[in-house]
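Okay, structure first, notes after.
The values are calculated or read from the model by the stated rules, or taken from the named source; none is laboratory data. This one's a predicted model, so the numbers in the text were calculated from it and none came from an experiment. Here the Cβ positions follow ideal geometry from the backbone for every residue, glycine too, while neighbour counts run over all protein chains shown. Side chains included, ligands, DNA and RNA excluded: accessible areas come from the protein's heavy atoms. Shrake-Rupley method; radii C 1.70, N 1.55, O 1.52, S 1.80 Å.
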Amino acid sequence: MTLKGKTLFISGGSRGVGLAIALRAARDGANVALIAKTAEPHAKLEGTVYTAAAQIEAAGGRALPVVGDIRDEAQVERAVAQAGEQFGGIDVCVNNASAINLSGTEALEIKRYDLMQSINTRGTFVVSRACIPALKRSTNPHILTLSPPISLEPRWLGPHVGYTIAKYGMTLCALGFAAEFAEDGIASNALWPRTLIATAAVQNLLGGEAAMARARRPELYADAAYAVITKPSRDCTGNAFLCEDVLAAEGVTDLDRYAYQPGAEPEADLFVDHA
C-alpha cells in the first residue's frame, strides 16, 4: 500500500518532523494540507508553511498551505474544508503541532501552561474532530498523533508536570479515538521516538549542538509514520508505538543511516527509559 493519491492533513508541518512526514508522503504522490502559524521567516525557526509547500511539490506531491492556529476551532474547520474541496477528501490526520516547556510547577507561568494544553491536547482533539467526518469516507483512514507512551513513573511526572500532562493528553486522545471509532474503521495510534530527534526544539530548548549530536534525523520519525499509516486501518489501531520498534518490525534494524552525527551514541528521548 502506498500514499499515492491519498490526502494528509498535518498540523504544524512547516518544519521538523511534520515536514519530514509530509515529504515522505509526497514521494508517493500524496496530497498534503498543512496548517501552521509560520507565514513569515522566523529568526530562530527554519521554514514557513509556504516553503514547506514548495518542498512537498518538488518531492512529487500536491500541497495546500494554510496559515492558521489550531487553537481556533473555526480556523481548523475552514482548513479541513479547504483540503476536502481541493483534494476530494482526507485519508490521514497527523497531529504534529506541539508546544514544550520543561519548567517545574512553581516556575511555569500559567499562560505557558495554558499554551501547552491548548496546542497539544486540545489541538489534537480539535484537529482530529474536524477531520473525522472526512476520515469516515476514506477507504483506509488513519489518525496519527506524535506523542509518547504513558508511564506513571515519578521520573516522568515530577520534573515537568505541565508538559507531561499536555503530551499524555495527546496520547489519551489517540487511544480514545481508536476505541470510539473502531466500528468506522478509523485507525488511531500514537508514535514517539526512542531517541532525541534533531529538530528546533532540541536545538533551542533541549541541549543545543551537544544534544543535536546525539540525536537522529527527522527522517527516522517519518519512515516509521509512513509504515503505520500505510497499514490496513482496521488491523493497526489503539497503539502507542515507538518509532524504532515500528522500523524493526519492517526489517529496518540498522539505524546508523538516521544519525545526525555519524558514530555518536544516541540519547534517549523524554518518556523513554533507554535508547
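A few points about this structure:
- For the stretch 132-161, a residue qualifies if it is surrounded by fewer than 21 Cβ atoms within 10 Å (Cβ to Cβ) and under 19 Å from the mean Cα position of the chain (by Cα), and the qualifying residues are ILE132, ASN140, PRO149, ILE150.
- The residues in the stretch 2-40 that are at positive phi and either modelled with pLDDT under 95 or touching a His at 6+ places or on another chain (Cβ under 9 Å) (or both) can be counted, and the count is 2.
- Scanning the stretch 254-268 for residues that are in contact (Cβ under 8 Å) with a residue 40 or more places away in the chain and either open to solvent by less than 40 Å² (accessible area, probe 1.4 Å) or part of a strand (DSSP E or B) (or both) returns TYR258, ALA259, ALA264, PRO266, ALA268.
- Out of ALA107, ALA43, sole residue that is modelled with pLDDT under 95, outside any helix (DSSP H, G or I) and surrounded by fewer than 24 Cβ atoms within 10 Å (Cβ to Cβ): ALA43
- Here ALA190, ALA178, ALA174 are screened, and the one residue that is at pLDDT 95 or above, buried (at least 16 other Cβ atoms within 10 Å of the Cβ), outside any helix (DSSP H, G or I) and in contact with a Ser or Thr (Cβ under 6 Å, 6 or more places away or on another chain) is ALA190.
- Answer from ALA222, ALA213 - the residue that is out of contact with any helix residue (DSSP H, G or I) (no Cβ under 8 Å at 6 or more places or on another chain), closer than 23 Å to LEU45 by Cα and in contact (Cβ under 8 Å) with a residue 40 or more places away in the chain: ALA213
- Residue that is within 21 Å of the chain's Cα centre (by Cα), modelled with pLDDT of 95 or more, surrounded by fewer than 17 Cβ atoms within 10 Å (Cβ to Cβ) and assigned to a helix (DSSP H, G or I), where the choices are ARG129, ARG122: ARG129
- Looking across the stretch 115-145, the residues that are out of contact with any Cys (no Cβ under 9 Å at 6 or more places or on another chain), farther than 19 Å from ALA201 by Cβ and not hydroxyl-bearing (Ser, Thr, Tyr) come down to ARG122, VAL126, ARG129, PRO133, LYS136, ARG137, ASN140.
- Inter-residue pairs, beta-carbon under 8 Å, first hydroxyl-bearing (Ser, Thr, Tyr) and in the stretch 21-46, second assigned to a helix (DSSP H, G or I) and at pLDDT 90 or above, 6+ apart: THR38/VAL49
- Hey, ARG15 open to solvent by 40 Å² or more (accessible area, probe 1.4 Å), within 17 Å of GLY88 (Cα to Cα) and not acidic (Asp, Glu) or not: no
- Within the stretch 263-275, the residues that satisfy the criterion of being under 27 Å from ILE100 (Cβ atoms) and out of contact with any helix residue (DSSP H, G or I) (no Cβ under 6 Å at 6 or more places or on another chain) are GLU265, PRO266, GLU267, ALA268, ASP269, LEU270, VAL272, ASP273, HIS274, ALA275.
- The stretch 49-62 residues that are under 13 Å from ALA30 (Cβ atoms) and open to solvent by 50 Å² or more (accessible area, probe 1.4 Å), paired with ones that are modelled with pLDDT of 95 or more and aliphatic (A, V, I, L, M) (beta carbon under 9 Å, 6 or more apart): GLU57/ALA26; GLU57/ALA63; ARG62/ALA26; ARG62/ALA30; ARG62/VAL32; ARG62/ILE56
- Residues of the stretch 220-250 that turn out to be surrounded by 18 or more Cβ atoms within 10 Å (Cβ to Cβ) and part of a helix (DSSP H, G or I), as a count: 15
- For ALA25, the criteria (1) touching a helix residue (DSSP H, G or I) at 6+ places or on another chain (Cβ under 6 Å); (2) under 27 Å from PHE177 (Cβ atoms); (3) aliphatic (A, V, I, L, M) hold in every case but one, which is (1).
- Close pairs from the stretch 136-148: first under 23 Å from ASP245 (Cβ atoms) and of a type outside the set (A, V, I, L, M, F, W, C), partner modelled with pLDDT under 95 and open to solvent by 10 Å² or more (accessible area, probe 1.4 Å), Cβ under 6 Å, at least 6 apart: none
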